[in-house]
1. Could you give me the ³J(HN,Hα) list for region 53-61, computed from phi with Karplus coefficients 6.51, -1.76, 1.60 and θ = phi - 60°, whole Hz, x at Gly and Pro?
2. What ³J(HN,Hα) values, in whole Hz, does the Karplus curve 6.51 cos²θ - 1.76 cosθ + 1.60 give for region 10-17 when θ = phi - 60°, with x put for Gly and Pro?
3. Through the Karplus equation 6.51 cos²θ - 1.76 cosθ + 1.60, θ set to phi - 60°, convert the phi angles of region 36-48 into ³J(HN,Hα) values in whole Hz; use x for Gly and Pro.
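Values quoted throughout were computed directly from the atomic coordinates according to the rules given, and no laboratory measurement underlies them. Not measured: the values here are computed from a predicted model.
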Amino acid sequence: MGAQATMGTFTVTAFYSHTMWNFNVTTNMTCGQCFELVFYASAIVFNFPVALWNVYLYVSQYHLLFHGLNRNIKLKSLDHFTFCGI
């Protein structure tokens, strides 16, 4: 579906020029600004929780491994990591 939408957008732009997409959605925002706003908002909404979860997992593994809660834990994600200046 995404490939067809992209090709359709490029085809319409090729025949009617980029000025076809330059219209106001609201009194202060153009179509391009609305697409940009939706793009950034969706990137934040869908990626930020995953990034926070990954930080939480790393911190919890680091805490278990280096603070003696369980000295028998061997984590693959920390095997190749070099701690510089810590």
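1. The phi angles translate into 5, 5, 5, 4, 4, 5, 5, 5, 5 Hz.
2. So the Karplus estimates, Gly and Pro as x, are 5, 5, 4, 5, 5, 7, 10, 6 Hz.
3. In residue order, the calculated couplings are 5, 4, 5, 4, 5, 5, 5, 4, 5, 5, 8, 9, 5 Hz.
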